Each structure stands twice: as C-alpha cells, then as structure tokens.
Amino acid sequence: MDRRQFLYLSGGLITIAACEKSTKKVTPKLNFPIHIDSNRTTGHLVKSAIQLPVTAKVTTETLVVGGGISGLAAACSLQSNDFIVCELNSQLGGTSSAISIDNVLYSQGAHYEHTYLHNYGQEGLQLLERLDIIQFNTHTNLWDFVDQQHLVAPHQEESCYVHGEMKSSVLLNSELRKNFFDLIHSFNGKLLLPSTLIPSDLYYLDHTTFYEYLNKYLPVDSTFINAIDYQMMDDYGGTTKQISALAGIHYYMCRPYYTNKNISLFSPTEGNYYFIDKMKNHIPSGNIQCNHLVFGLKKENKKWHVDIVDIKNMLRKKVIANTLIYSGQKHALQYTNPTSFEQFNDISYTPWVIINVVLNDTIELPNSKWQNDFISKDTTFLGFTDSKIQSKEHPRVLTAYYCFPDMHHYSIQNLETSYDGIVQQTLQKISTYYKKDITIAVKEVYIKLLGHAMPIPKPGYLTKSRNLLMDGMAFAGADTGRLPLLFDALDSGIQASRMVSNL
Ligand SMILES: Cc1cc2nc3c(=O)[nH]c(=O)nc-3n(C[C@H](O)[C@H](O)[C@H](O)COP(=O)(O)OP(=O)(O)OC[C@H]3O[C@@H](n4cnc5c(N)ncnc54)[C@H](O)[C@@H]3O)c2cc1C
C-alpha cells in the first residue's frame, strides 16, 4: 500500500511527498479516540529530507523494493542472502498488514485464504509448505493449513444483509443461480492460481466484460447483477461492467467452494499478515529495512543506483545493486523510472478504507458471524468482520471495509482530516445490521487509508504481454497483470527472484 506516493521531477530536483505510516491520535466530536493511518506529516518531512546529502553508500547483490507479500516472497526465494528489502512503512505487509491493539494483531487489509487445490502452482505451494503454513492431505488431495485453529467453522462463516433483510447468501438460490453455475461449469478445473496458469485458449474471455458475457448467455436481472457486482467488488475492486469475463469466471472456478465440501476458510485475527510474519521470520532481520522509501532508480555502469530515504532518521542513502526486484505499486514508476512505467500505464487501482472498531465488553451482539456482507444503496461499504469468531483474544474488534470506485482515489485523502463522517456512518450501518446501537460500546477506532490498493482486472489486463525483466530489474506484485490475490502476489515474487537469480 503506498497511498499517495507522489514523486515529481521539476528542473532536475526530485521532490517527494510520500509515504510512511504515521498514526495521528485525535479526539473529534465522537466520544472516543480515532487513530488515522496517515502519511501526510512524514510526506512533508521527506520532501525536505530529499535535499540532504547522501550519508551512506551500501552495496548489495539484490535490492527488493517493497515489503508486501510479493516482496517478501521474492526475498524468501533468493538463492543468496546478499539482499536488502526496503519498505517505506514502519511495518511490513502492504495490503496484507495488521495493527496491534492491546498487544493483539488485527487485520487491516487482506484477511482470508481458502484451502489450496493440489494443482495450483507448485512453486507457491512449496514456499508455503517450507514456511510451515500448509501441508498436503492425501485423503482429500488438497493443501490444508497447518494452524487449524485459524479455520472458521462453516456455520459461522458469513451472513448477509441485503437491502434491509437478512439472507442466507449473497447469491440466492434461484433458477438463475443454477443456470449461472451450469454456464460456467465447463471451466471447472481449468482456472487455477496463479493466474499465469490460465490456458491461452481461454484468453478470448479477457476481451469482454463479465457483464457482457453474463448478459449474452443468461436472462440476468438487476438483483442478480447486484449480487455478482458485490462479490466482484469484494475481491477485485471492480463491478461486472469493469472487470473481464476471464477474471469473473476465475473467481467462481479457482476455489470450487461452491461444489467441494473440503474447502475451508483460513482467517487468523491478523488476517494475511500471518503470511507476512511467517516470511519475515524466514529472512535474516538485518536484511529488512522498514521506514525506508525508495525514490530514485537509475542504471549506471551496469549497476542499479538507488536513492533511499531512511524516514525515521532523516538520512539519505544510496544503494548500489546488481539486480533489483521492484514489488512496490507500479504507478509510482512514472516518477522513478518512466521507461519501465510504460508497460504498466494501463492499470487502474481502487482505493480501500479499513476501519477497525474496538469494542468494550459491555455489549452482546446477536448472530455473530466472521464476515457480515452488507448490500445497500451505498455500494462502497462492503460489510465487516467480527474478531470474536476468529479468536477469544481481547478486545473484540469489528473491521469494516470500504472500496471506492477508482475515480474517487484522490477524494479518500480528504478522510485524513474529515473522518468523523465515515466513522459515524460505519457505526450506524453496523448498528442497523445488529438492530442495536453499538456506539455506546466503542472504545476507539482505527482508520487505514489504502490508496493504490487493488489493480482492477479490466478486459485486457490479465493477458497483456508485459516485459517483467528489464535491464536487471524484475517486477513483482499483484499489479503485474495478475489477480489481486495473495497466491498470485506470492507467485509473482517467486518468479521475480528466479528471473534475477538466472542473470
Ligand atoms: C482491503 C483488501 C483486502 C484484501 N483481501 C484479500 C484476501 O482476503 N485474500 C487475498 O488473497 N487477497 C486479498 N487482497 C489482495 C492482497 O492483499 C494482495 O494481492 C497482496 O497482498 C498484494 O501484495 P503485493 O506485494 O503485490 O502488494 P502490496 O501489498 O501493495 O505491497 C507493496 C509494498 O511495497 C511498499 N512500497 C511501495 N513503494 C515503495 C517504495 N518506493 N519504497 C519502499 N517501499 C515501497 C508498500 O508500502 C507496500 O508495503 C486484499 C486486498 C485489499 C486491498
């Protein structure tokens, strides 16, 4: 996550308004503290720090830019230990990050995985097995999670609030639902993860939107499309009119939880930060540098000369590396390395806002489920999860998710200063859901703004040919033409490490 990394060049002077997480504690009209994960203050500091002389020069074989899933997967897969990972935030994780509340970690982004199929990409599976996260189950022929305590019991998985009524599922049982699954059934077993395994004879599905595809073959109605739109927003940040048919069908066919009873849901309280932590423990701690923003990438005399700001100590450093793995969001390349940006300039991102509502224990909430889907006129609010289902740890935290249409990217920045509206609105929605005012039991609230959070798999995105190794720099990340999913990001990191190791 790199909300607002604006690196701009003017008259040879590079100015940066970016990017470290700094938590601002404020008490607005609402009667509890609200903490905002903001990068504004640090951004301004970095702007002036950039004028500082270079204070240190470090050489390394490989520099990994970004400490999200893909960057850490790359680091875990490199053959040599001669590498450095630079992460601009004070914590690793990117869109799979977590926040510590009363010494317990709670997800602030990606928060679940499903059992992996036996024929998913072998390198990704092997890395997860090596990290002691999964193990093969010869009875079911599936990859199970080792830490079974993080599995969500099927009867507690989800409930849905659809325009004021509780429903059993977002996609209601109907003739249309049956026809929908009959229509896409022929793709079962062909659409695996990572998405690079998609067979080329299905690429034609990437030339049309999911909406056009559904409309062509089914008598779809608005209720049905709204339900599918909800699911697409939830996983891909775009509606059926925005995403490709290939991405849409892949969603339903890559983890056949609609047909396979052995597929379970894995969701620790810290969400997918669980994977980050496992990878972090696998990497020598001296190789990871948080609070380090990479802002300049130049190839000179066959080496990469990289400008870095150590945000905490306000020091400017140079790293000279033979190879580079760039796993930060690609939109920032337009400022740091415009040549390589060209092949990513088609990518649109959606911003997300995560709100962790910390409750005291004075309130009983009925019908608690892990995930509480919420479909209403406000399509930006997708619902919330309840930590009580994940663990008995205290405090109890309800985590709400908002996904904004991509054109609202800049307006979410206003939330940094005008946040009480969205907090009030969130509490109101959750209270409506429970038919009970939860405001009285709120201890504090944490807001996390994720700017360029998710690449939308629009038509053409998944099958566009991109050169992922340029001049000793390999590109990793979900936004390299892959689906915005952990397994795809993980695989992209593994492949990037292979590319640079083979040079
Ligand atoms: C709200 C949300 C919920 C999600 N839920 C799920 C889920 O439940 N399951 C699932 O499979 N997937 C989910 N995803 C998708 C999943 O989070 C991503 O696919 C995956 O984590 C992306 O990892 P990444 O490494 O590609 O990118 P990122 O997570 O974006 O990591 C990039 C990292 O690079 C750093 N960085 C960027 N530029 C620089 C720079 N110049 N210098 C230093 N560091 C830099 C950033 O700070 C960031 O930490 C979700 C995504 C979001 C936004």
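The values are calculated or read from the model by the stated rules, or taken from the named source; none is laboratory data. Just so you know, these numbers come straight off a predicted model, no measurement behind them. Cβ: placed from backbone, ideal geometry, glycine included. Neighbour counts: every protein chain shown. The protein model used for the area step is the full one, side chains on, heavy atoms only, and it has no ligands, DNA or RNA in it. Shrake-Rupley method; radii C 1.70, N 1.55, O 1.52, S 1.80 Å.
Observations, loosely collected:
- Candidate set from region 104-114 (those that are farther than 15 Å from Asn356 by Cβ and outside any loop (DSSP other than H, G, I, E, B)); member that is nearest to the ligand (Cβ to nearest atom): Glu113
- The strands (runs of 3 or more DSSP E) located wholly in region 234-331 that include 2 or more residues which are closer than 30 Å to Val104 by Cβ and not aromatic (Phe, Trp, Tyr) occupy 292-300.
- Any hit, region 325-342, residues being of a type in the set (Lys, Arg) and surrounded by fewer than 23 Cβ atoms within 10 Å (Cβ to Cβ): no
- Selection within region 201-222 - touching a residue at least 40 places away in the same chain (Cβ under 8 Å) and open to solvent by 80 Å² or more (accessible area, probe 1.4 Å): Tyr203, His207, Pro219
- Within region 63-82, tally of residues that are open to solvent by 10 Å² or more (accessible area, probe 1.4 Å), more than 9 Å from the ligand (Cβ to nearest atom), outside any loop (DSSP other than H, G, I, E, B) and under 19 Å from Lys303 (Cα atoms): 0
- Of the candidates Lys448, Lys443, the single residue that is more than 30 Å from Thr209 (Cα to Cα), within 16 Å of the ligand (Cβ to nearest atom) and touching a residue at least 12 places away in the same chain (Cβ under 8 Å) is Lys448.
- Filter result for Val353 (in contact with a Pro (Cβ under 6 Å, 6 or more places away or on another chain), among the β-branched types (Val, Ile, Thr) and assigned to a strand (DSSP E or B)): no
- Qualifying residue in region 373-385 (condition: in a helix (DSSP H, G or I), surrounded by fewer than 16 Cβ atoms within 10 Å (Cβ to Cβ) and modelled with pLDDT under 95): no
- Conditions (1) within 16 Å of the ligand (Cβ to nearest atom); (2) over 15 Å from Gly328 (Cβ atoms); (3) open to solvent by less than 30 Å² (accessible area, probe 1.4 Å); (4) modelled with pLDDT of 85 or more: number failed by Val58: (3)
- Listing of helices (runs of 4 or more DSSP H) fully contained in region 386-503 that carry 1 or more residues being under 25 Å from Gly71 (Cβ atoms): 486-501
- Filtered residues of region 456-488 (kept if within 13 Å of the ligand (Cβ to nearest atom), in contact with a Gly (Cβ under 7 Å, 6 or more places away or on another chain) and open to solvent by 10 Å² or more (accessible area, probe 1.4 Å)): Pro484
- Filter result for the condition that a residue is of a type outside the set (Ser, Thr, Tyr) and out of contact with any strand residue (DSSP E or B) (no Cβ under 9 Å at 6 or more places or on another chain), over Gln413, Gln428: Gln428
- Scan region 85-103 for residues that are open to solvent by 10 Å² or more (accessible area, probe 1.4 Å), near the ligand (Cβ under 6 Å from one of its atoms) and part of a loop (DSSP other than H, G, I, E, B) and the total you get is 2.
- Region 110-124, residues that are open to solvent by less than 10 Å² (accessible area, probe 1.4 Å) and under 19 Å from the mean Cα position of the chain (by Cα): Thr115, Tyr116, Gly124
- Filtering Tyr335, Tyr402 for residues that are under 27 Å from Tyr434 (Cβ atoms), among the aromatic types (Phe, Trp, Tyr) and within 16 Å of the ligand (Cβ to nearest atom) leaves a single hit, Tyr402.
- Residues that are open to solvent by 30 Å² or more (accessible area, probe 1.4 Å), modelled with pLDDT of 95 or more and more than 15 Å from the ligand (Cβ to nearest atom), drawn from region 230-282: Thr239, Lys241, Gln242, Asn281, His282
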